[in-house]
Protein chains: 2
Amino acid sequence: MKTLVVVGHPRLGESTTQQFLKVAASECANVTWHELQLPFEVTQEQALIQQHDRIIVQFPLYWYSAPAIMRQWFDEVWRMPLTTGNYRLLRGKQFGVVVTAGAARNEFQAGGKQGATMDEVLRPYQMTARVTEMEYLPALPIYQFNYLSEQAKQELYITYQSYISNPEHGHFAGLEQWLLARLDSLVTTMPDLAPVLAQLRDNQEELTDIAQQVKWMRQEDDE
Amino acid sequence: MKTLVVVGHPRLGESTTQQFLKVAASECANVTWHELQLPFEVTQEQALIQQHDRIIVQFPLYWYSAPAIMRQWFDEVWRMPLTTGNYRLLRGKQFGVVVTAGAARNEFQAGGKQGATMDEVLRPYQMTARVTEMEYLPALPIYQFNYLSEQAKQELYITYQSYISNPEHGHFAGLEQWLLARLDSLVTTMPDLAPVLAQLRDNQEELTDIAQQVKWMRQEDDE
């Protein structure tokens with residue numbers, strides 16, 4: 001699976017969040033990091049989309065929308081021949097959104113300061129995926145990055161890597177296996193990690209056993 | 001009441017809809033028609049907003065969003081000092097959206113081809129008004145303008161004029177009075193309209209009488 005991360009930010013160099021995500025993405029195989037810059041070479045942009053299986057648009061939230069440069073990419077690139085007829089060139093791809101917000105997570109709810117959820121804010125992207133028959137991935141919103149603790153940043157680092165490069169997106173087992181595979185490749189360059197990885201594998205096997213037992217017990221209950 | 005109509009369209013000259021709306025707006029007093037062109041003179045744009053009581057943003061829907069030029073206006077203009085601190089420079093103004101769509105009205109519903117309502121598509125604008133304490137007007141969506149019958153276009157002409165210039169927005173009585181006032185001013189230049197206007201006034205008085213009688217009858221029922 002090949003992923004295209006399309007970054008739309010008018011002042012990319014000033015964004016510590018985007019720099020952080022860029023480092024995280026650089027460690028993932030089969031991920032193309034693509035920073036939008038005007039003017040667009042439309043044919044080339046359309047080819048990029050066609051060459052990837054998961055398309056991630058990534059931008060800061062300005063007045064509950066994407067910045068102009070991100071929208072200009074849709075205005076100019078998401079046209080014929082990419083969107084010809086029945087959208088067969090887009091159909092079946094995955095489409096995700098990584099959005100950064102200066103407001104806190106709990107402001108995005110009915111009765112909260114922002115008055116609606118992030119899913120409502122991103123409805124236009126969900127609709128874009130829907131009409132082109134792409135699979136819409138649950139969005140990855142990043143709230144107040146600069147206030148995150150070090151631990152929260154580390155968690156985000158892994159979550160983000162999984163979001164862009166884990167083929168089994170959204171499945172817990174998928175995330176676990178993806179993480180172990182990532183650790184495997186790290187061990188080749190950092191042998192100190194080998195015992196940690198062994199421990200994790202043991203834990204995972206134990207967890208899988210427990211999960212299986214629970215499943216059997218539930219089946220007995222149902223009978 | 002002064003209205004600012006901010007038109008964001010990348011190829012304005014090619015849009016018959018926008019030309020139609022421009023003619024309609026040109027007949028209304030106290031309406032400033034403002035076509036966005038890059039680059040923006042930010043201080044001047046901010047002053048324009050401050051000088052008006054009703055701000056209408058008007059644009060075609062591209063992938064369920066506004067075109068880049070409209071978003072760039074928000075990105076660059078809706079900043080300090082216009083949005084300083086507690087938004088007192090925006091608070092209390094009215095904020096409306098006139099959006100044109102190539103798809104049909106009945107596609108914008110759950111289960112319809114677009115899968116969500118126009119209000120859901122425009123949620124970012126409602127949230128923008130909300131957080132700045134502006135009054136959000138019900139949006140005026142225009143679906144498939146080029147397929148409208150002549151009569152439907154005439155109705156749209158009046159509806160649009162009311163949307164941008166009727167101070168009593170959204171009230172039926174307000175619309176009626178506004179229409180009669182507009183006809184009054186037309187009669188001075190087109191005397192042939194006088195009998196039509198007289199008839200309309202008679203009808204309105206009769207309607208008001210009937211409405212009053214219905215109200216009394218209901219009150220009696222309630223007793």
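The table below gives the values:
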item	result
Selection from the range B:127-172 of residues that are β-branched (Val, Ile, Thr) and more than 14 Å from every other protein chain (Cβ to nearest Cβ)	B:Ile142, B:Ile158, B:Thr159, B:Ile164
Criterion violated by B:Val131 - all others in (1) within 30 Å of B:Ala104 (Cα to Cα); (2) assigned by TED's automatic domain parsing to the domain that holds B:Trp63 satisfied	(1)
Residues of the range B:129-152 satisfying the condition of being in a helix (DSSP H, G or I), exposed (fewer than 14 other Cβ atoms within 10 Å of the Cβ) and not aliphatic (A, V, I, L, M)	B:Asn146, B:Tyr147, B:Glu150, B:Gln151
Whichever residue in the range A:59-89 is part of a strand (DSSP E or B) and out of contact with any strand residue (DSSP E or B) (no Cβ under 6 Å at 6 or more places or on another chain) and, among such residues, is farthest from B:Arg71 (Cα to Cα)	A:Phe59
Exclusive hit being exposed (fewer than 10 other Cβ atoms within 10 Å of the Cβ) and over 25 Å from the mean Cα position of the chain (by Cα), set B:Thr208, B:Thr189	B:Thr189
Breaking point among (1) within 16 Å of the chain's Cα centre (by Cα); (2) farther than 22 Å from B:Leu61 by Cα, for A:Arg88	(1)
Conditions (1) within 14 Å of another protein chain (Cβ to nearest Cβ); (2) in contact with a Ser or Thr (Cβ under 6 Å, 6 or more places away or on another chain); (3) hydrophobic (A, V, I, L, M, F, W, C); number of the one not met by A:Cys28	(1)
Index of the failed condition, B:Ile158 passing every other in (1) touching a residue at least 40 places away in the same chain (Cβ under 8 Å); (2) in contact with a Leu (Cβ under 9 Å, 6 or more places away or on another chain)	(1)
Scan of the range B:90-110 for residues that are facing another protein chain (nearest Cβ under 10 Å) and either part of a loop (DSSP other than H, G, I, E, B) or buried (at least 22 other Cβ atoms within 10 Å of the Cβ) (or both), ordered by number	B:Ala103, B:Phe108
Check on A:Tyr87, surrounded by 13 or more Cβ atoms within 10 Å (Cβ to Cβ), within 13 Å of chain B (Cβ to nearest Cβ) and closer than 24 Å to A:Thr159 by Cβ	no
Restricting the range B:60-84 to residues that are surrounded by fewer than 18 Cβ atoms within 10 Å (Cβ to Cβ) and among the polar types (S, T, N, Q), the residue that is farthest from A:Val57 (Cα to Cα)	B:Thr84
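Each row is one residue, and each column tells you yes or no for (1) assigned by TED's automatic domain parsing to the domain that holds B:Thr32; (2) polar (S, T, N, Q).
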residue: B:Tyr143; (1), (2): yes, no
residue: B:Ile164; (1), (2): yes, no
residue: B:Leu179; (1), (2): no, no
residue: B:Leu183; (1), (2): no, no
residue: B:Leu193; (1), (2): no, no
residue: B:Gln199; (1), (2): no, yes
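The values are calculated or read from the model by the stated rules, or taken from the named source; none is laboratory data. The structure displayed is predicted, hence computed values, not measured ones. As a convention, Cβ positions derive from the backbone with ideal geometry for all residues, glycine included, and neighbour counts pool all protein chains shown.
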